[in-house]
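Below you'll find the structure, written out as structure tokens, and then a few comments.
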Amino acid sequence: MDRLEWLIELTASRPEDAQSWYWLGMEHMNQGNTVQAISAFTEGIKHADELLRAQLITELSQAAVGLQQKSGGLSVQVDVQEEQEELEELEEPEELEELEELVEQEGRSNGRTRGERSERGFKSIANPGLQVIEGGKSSQIPVERPTVSFDDVAGLKELKKTIHMRIISPFQNQGLFAKFRKKSGGGVLLYGPPGCGKTFIAKATAGECRAKFVTVHITDILDPYIGVSEQNLKDLFDKARYQKPSIMFFDEIDAIGFNRSKSSSNLRALVDTFLAEMEGIDTSTDQVLIIGATNMPWDVDPALKRPGRFDRMIFVAPPDEEARAQIYELKMHDRFAEDMDYTRLAKSSEFFSGADIDSVCERAVEIVLEEIMNTGVERKINMKDMELALSKTQPSTLEWLRTAKNYVKYSNQSGLYNDIEEYLKKYGKRI
Amino acid sequence: MEEIALRDQDSLISHYMGMGRYQQAINLIYESLAVNPEEGYLHYRLGLCHYYLDQLEEAELQLANALSFGFDREIIMEVQGHLCVEAGRWQEAEEAYLEVLRENPNDASVHAAYAYLMMKTGHQKKADQLLAAALRLDPDNAQALRYRFMFADKTREEKVEVLERYMHSTDSDTAKLIQLGLDCLYTNRYSRAREHFRQAYLLDPTNQNLLEVMKSFDRDFHPLLAPLRVVGLIGGPGVMWVIGIGSIMGTRAMGWDKASLIVGGIYLLFVIYSWSALGIVSLVDKFRR
């Protein structure tokens, strides 16, 4: 009888002995039977004490990584350390059963239908290496845990307050909201001129909520083959549901949820799927927040703006004076520059977006560099350079604000764009 | 760029073009052209995007490139025809359309486009025949129905019938709302016309032409301009002048000097108001904003 057979018999006679499972797993590993090793380690985890459990998890992770490397091809990118932590958190018997099932699944033949992918996509996150065959675009979308918070967003006090009230509080006080039968999931639509930080604010919101953050762009969904785009979108929603609490961020949402009355029939199917998935989030799954960002809220299908979908619309206006001063400071920080009056610069750059301010700073640097190249005399960037760069830059938000102004004039009967109206009341005369 | 990446890029280009985001599509086409500079189909699409953005010279250049790289001549000539119509080069437009029709005599859209060219150049009879041919080939052709509604000389009942058929066509909602607005405008139902144009504008707020239409509606139907509309209803400034001068002369002839002075004063005030009314309206609007 060889060692392996002896260990198999041992585990059969003493299935509660975690140490036996550990040795069996190690033997399988030595002989290159990775799948059987994973199975043995998983069985061992069920019965192990804290110390052995940690050891088993380490071995399991290594086995899984080995399996993933062997399989090659498209594989899900998983941070082993992170997953190890997740596995350590697994205490519920159901989760262990899930893990077992996963190992069994992997041992079976791999002939599967496309519809099964989404579920498997999730499971691969819970157990690295056990799920490696994913062809859909959605599987390639990384899930982040944003480290940015509202402290990193310059100014915009009012906006932060609104987001706190409408998004973060429900997410963080779920007990209270559940008592009032108020759901913490759903959809929020951030809209405003380009370059004003909608994406950054969405990331900061995810950071504040301590939720996973899945960024989705039209390129992650769109596929030339009929029905595949819809499947990709569905897979992404499934992924977010399995990883709650999570925030799905749809950048340029008008490209995905384009107004059906203006679009072709194949795009309509995508919007229909989007609507169906949003409904699913609203009715069955809390703790999944969908944030959409768009420069063209009027191009988003009206059905997506109805209650239950993106029912909260938040206007991300160009940065206010305080925010602009902070952005200038941030952009010029650590540069070879003299002390500057950022408040004065902020005052002269009304309606400038964050991206415009960045452009001003870059232009000022270019001016100085050009001068240094010509004269050979090195000097710091000063206020004059900034003012010169500022005079050469036009705010890119003006065109958007003018369109919005006209749009609101003819369309705001429903009060959907009250935020813009408020903003225009304050600044509209100068647009 | 790999084949799959190019395929995905192509799909994205189609997506943006389908949405009418031609500038975004152009950026993507240039990316693809960097990999495949001799791909006629990409040059054709680039030309099409520039044409939709009214950049006619660039569009023509790209269509010529597409042709030199072997892309389908018939497809290019159709766009070339539209482009020449836009540029006012009627003869070239006709040549282009005729070339397409020689290759494909059953193309309803080209018949409709050719009919439009004939209407523009005053050949109403030929235009009617071409429109009839277009509708015989494809009874639901949106373009043909639109032109038939707009230009063909018909009774009200026939116009309504064409409009109903057009509403069932595959044209965009914006185009349909514009046609409804025009129909109301033709029948002097101004407030309904304004509402249709407003709805069309809401679907496409970046459309400057629609914005101008809305502004002109607001200007023409402003409450402060009501007296001028009354003048229009009674026959225009000429009639008003006759009424004003006639009243002054009449009261004077009857020896009612005081009444004549009052009528003269009112008339003078009205004349000054009619000259400055538009300016006053603009000022009031500016103040309200």
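Side notes on the structure shown:
- Computed from the C-beta positions of A:Lys384 and A:Thr162 and an R0 of 45 Å, the FRET efficiency is 0.70 to the nearest 0.05.
- Cβ-placed point charges (K, R +1; D, E -1), dipole of chain B about Cα centre in debye, nearest 20: 2320 debye
- The fewest-to-most ranking of A:Thr215, A:Thr42 by surrounding Cβ atoms within 10 Å reads A:Thr215, A:Thr42.
- In nm, spacing of pseudo-spin labels at A:Asn418 and B:Leu6 (7 Å Cα→C-beta vector): 5.4 nm
- Distance in nm between pseudo-label sites at B:Gln23 and A:Asp334 (7 Å out along the Cβ direction from Cα): 3.3 nm
- Charging the Cβ of each Asp and Glu at -1 and of each Lys and Arg at +1, and nothing else, the dipole of the stretch A:293-431 about its Cα centre rounds to 760 debye.
- With R₀ set to 45 Å, the beta-carbon distance separating B:Gln55 from B:Leu283 gives a calculated FRET efficiency near 0.75.
- Pairs beyond 26 Å (Cα-Cα), from A:Lys347/A:Lys429; A:Lys262/B:Lys154; A:Lys234/A:Lys262: A:Lys262/B:Lys154
- Global form of the stretch A:1-53, assessed from the alpha-carbon gyration tensor, a/c cut-off 1.5: oblate
- Note on A:Lys161: lysines with a C-alpha under 21 Å away, same-chain residues under 8 apart excluded, are A:Lys182, A:Lys183, A:Lys198, A:Lys203, A:Lys425, A:Lys426.
- Relative exposure of B:Lys286, A:Lys46, judged by other C-beta atoms within 10 Å (fewest first): B:Lys286, A:Lys46
- Ranked list, fewest to most other Cβ atoms within 10 Å of each Cβ, for B:Trp275, A:Trp298, B:Trp90, A:Trp21: B:Trp275, B:Trp90, A:Trp298, A:Trp21
- A:Arg312 long-range amide H proximity, modeled H, under 5 Å: A:Gly187, A:Leu189
- Furthest towards positive pole of dipole, B:Pro237, B:Ala259, B:Leu283, structure part the stretch B:223-289, Cβ charges: B:Leu283
- Antiparallel content of DSSP bridges confined to the protein assembly as shown, in %, to 5: 10 percent
- Shape of chain B, Cα gyration tensor, a/c cut at 1.5: prolate
- Beta bridges assigned by DSSP with both partners in the stretch A:144-313 are antiparallel in approximately 10 percent of cases.
- Backbone N atoms of the stretch A:369-403 closer than 16 Å to the 7 Å Cα→Cβ label point of A:Phe200 belong to residues A:396-397.
- For the stretch B:8-68 versus the stretch B:158-213, the gap between their alpha-carbon centres in whole angstrom: 30 Å
Where a number appears in this text, it was derived from the coordinates with a stated rule and is not lab data. All values reported here derive from a predicted model rather than from experimental measurement. Cβ sites come from the backbone with ideal geometry, for glycine too, and all protein chains shown count toward neighbours.
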